[in-house]
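In what follows, a single structure is set out as structure tokens and then discussed.
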Amino acid sequence: MDKQRIIQYQSDFDKIAHFINNEDNGEQVEVWFARELQDLLGYARWENFLVAVHRAVDSCKTQSINIDDHFREVTKMVELGSGARREVSDFMLTRYACYLIAQNGDPKKEEIAFAQSYFAIQTRKIELIEERINLLARLETRDRLRTSEKQLSQNIYERGVDDKGFGRIRSKGDTVLFGGNTTDDMKNRLGIKSNRPLADFLPTLTIAAKNLATELTNYNVEEKKLFGEQAITFEHEQNNQTVRETLGKRGIKPEELPVAEDIKKVERRVASNEKVIEKTTRKLPKK
């Protein structure tokens, strides 16, 4: 997601924020209303959005958090096309409630991906929101690679290739993708311990490149009914070569990209941040 899109999304979400006074402590509480949030999160129908709201409420209950601190059902008057007015149900939501709703949305949707970071960050600094979006994108891309590699391992096991054979196939694919550098060469080049997966230290672009090559191999192993280590190795090498050539046309050499932060540290940092979101969110005033 480019910075201009992030700035536009931030402006849109800021515009629907409301502030109410908590008479108990004199604090101003920032709140959002579900029907306004619905549109920005890309839900066309209230009934569908309500499913995400109820899932967020359930998530709140699961964590033994008082839902009344973050979700409040309200009614509001809306104007119909005829000019008449009628009452509709709505929800007043804290930042934490909005975060939970975004967590129950599809992160492949750009507006959901933005909202997950927007509501997780207490400050409105673009740089921090952008950083978190990039971290989550890297985590998601790494998860996709794990899934596709697991699928490939299962696919080729049924075609006469054991775990050691899978390791050799994956390593040979790496050698092609990284311009003749083996997996171990890349670990040495990037200062990665031998017992850690190379992909845990690669930038998002390279992880995505590895995933694309693996997905192509998965597809063609089934489509071409490939059998045996030699045939599948050749297929995987060809797919990595295709991906490498595509990157090369854009002036990118995967072996020259810098090492990225250990994915395990990123996971811990994101998880730690999520634990404090509820604690730092101002609660709804008591009814």
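Rg ratio for region 69-223: its Cα radius of gyration over 2.2 N^0.38 Å, N being its residue count, equals 1.54.
Within the chain, the proportion of C-alpha pairs whose separation exceeds 29 Å stands at 48%.
With neighbours defined as other Cβ atoms within 10 Å of a residue's Cβ, the residues PHE49, PHE114, PHE19 order from fewest to most as PHE19, PHE49, PHE114.
Once you have a ≥ b ≥ c as the square roots of the Cα gyration tensor eigenvalues for region 1-135, tell me rounded if a/c is under 1.5, and otherwise prolate or oblate according to whether a/b is larger than b/c.
In terms of gyration-tensor shape, rounded.
Projected label points at ASN48 and ASP162, each 7 Å from Cα along the beta carbon direction, are separated by 4.9 nanometres. Here the chain is treated with +1 on each Lys and Arg Cβ and -1 on each Asp and Glu Cβ, and its dipole about the Cα centre works out to around 380 debye.
Going from the fewest other Cβ atoms within 10 Å to the most, the residues VAL161, VAL57 appear in the order VAL57, VAL161. All other residues whose Cβ lies under 13 angstrom from that of TYR219 are scored, Lys and Arg at +1 and Asp and Glu at -1, for a net of -2.
Cross-linked pairs LYS210/LYS249; LYS125/LYS283; LYS187/LYS265; LYS108/LYS187; LYS172/LYS193; LYS3/LYS109: Cα-Cα separations exceed 27 Å for LYS108/LYS187.
If the chain linking PHE19 and ASN134 were pulled fully straight, counting 0.36 nm for each residue of separation and taking away their Cα-Cα distance, it would gain 38.5 nm. Using Cβ point charges alone (K and R +1, D and E -1), the dipole size of region 134-219 about the Cα centre works out to roughly 180 debye. On average over all directions, what projected area in square nanometres does region 136-256 have, based on the convex hull of its Cα atoms? If I average the Cα hull's projected area over directions, I get 7.1 nm². Find out how many positive minus negative residues lie around GLU278, taking Lys and Arg as positive, Asp and Glu as negative, among other residues whose Cβ is under 10 Å from that of GLU278. Around GLU278, the charge tally is +2. Using C-alpha pairs under 8 Å with a sequence gap of at least 6, the mean separation divided by the residue count of region 2-150 gives a relative contact order of 21 percent.
Using C-alpha pairs below 8 Å separated by at least 6 residues, the relative contact order for region 136-256 is 37 percent. For region 1-45, the residues whose amide N sits under 14 Å from a probe point set 7 Å from the Cα of ARG250 along the beta carbon direction are 1-2.
Helices meeting the span-like rule in the chain (full DSSP H runs, Cα extent of at least 27 Å along the helix axis, mean Kyte-Doolittle score of -0.5 or higher): 204-223. Take the Cβ atoms of SER171 and ASP143, set R0 to 25 Å, and the FRET efficiency comes out at 0.70. Here is the list for region 197-262: trypsin sites (Lys or Arg not before Pro) lying in DSSP coil, each with at most 15 other C-beta atoms within 10 angstrom of its C-beta, are LYS224, LYS225, ARG250. For the pair region 95-163 / region 220-287, the C-alpha centres are spaced 9 Å from each other. Each Lys or Arg adds one and each Asp or Glu subtracts one; over the other residues with Cβ under 12 Å from the Cβ of LYS172, this totals -2. Farthest towards the positive end of the charge dipole of region 136-256, among the residues GLN238, PHE178, VAL221, is the Cα of PHE178, using unit charges on the Cβ of Lys, Arg, Asp and Glu. The mean sequence distance of close C-alpha pairs (under 8 Å, at least 6 residues apart), as a share of the length of the chain, puts its relative contact order at 19 percent.
Look at the dipole of region 67-188 built from charges on Cβ: of GLN103, ALA120, ASN188, the Cα furthest out on the positive end belongs to ASN188.
Each reported figure results from applying straightforward, stated rules to the coordinates on display, with no laboratory input. Since we're looking at a predicted model, the values are computed, not measured. Cβ coordinates were reconstructed from backbone atoms using ideal geometry, including for glycine residues, and neighbour counts include every protein chain displayed.
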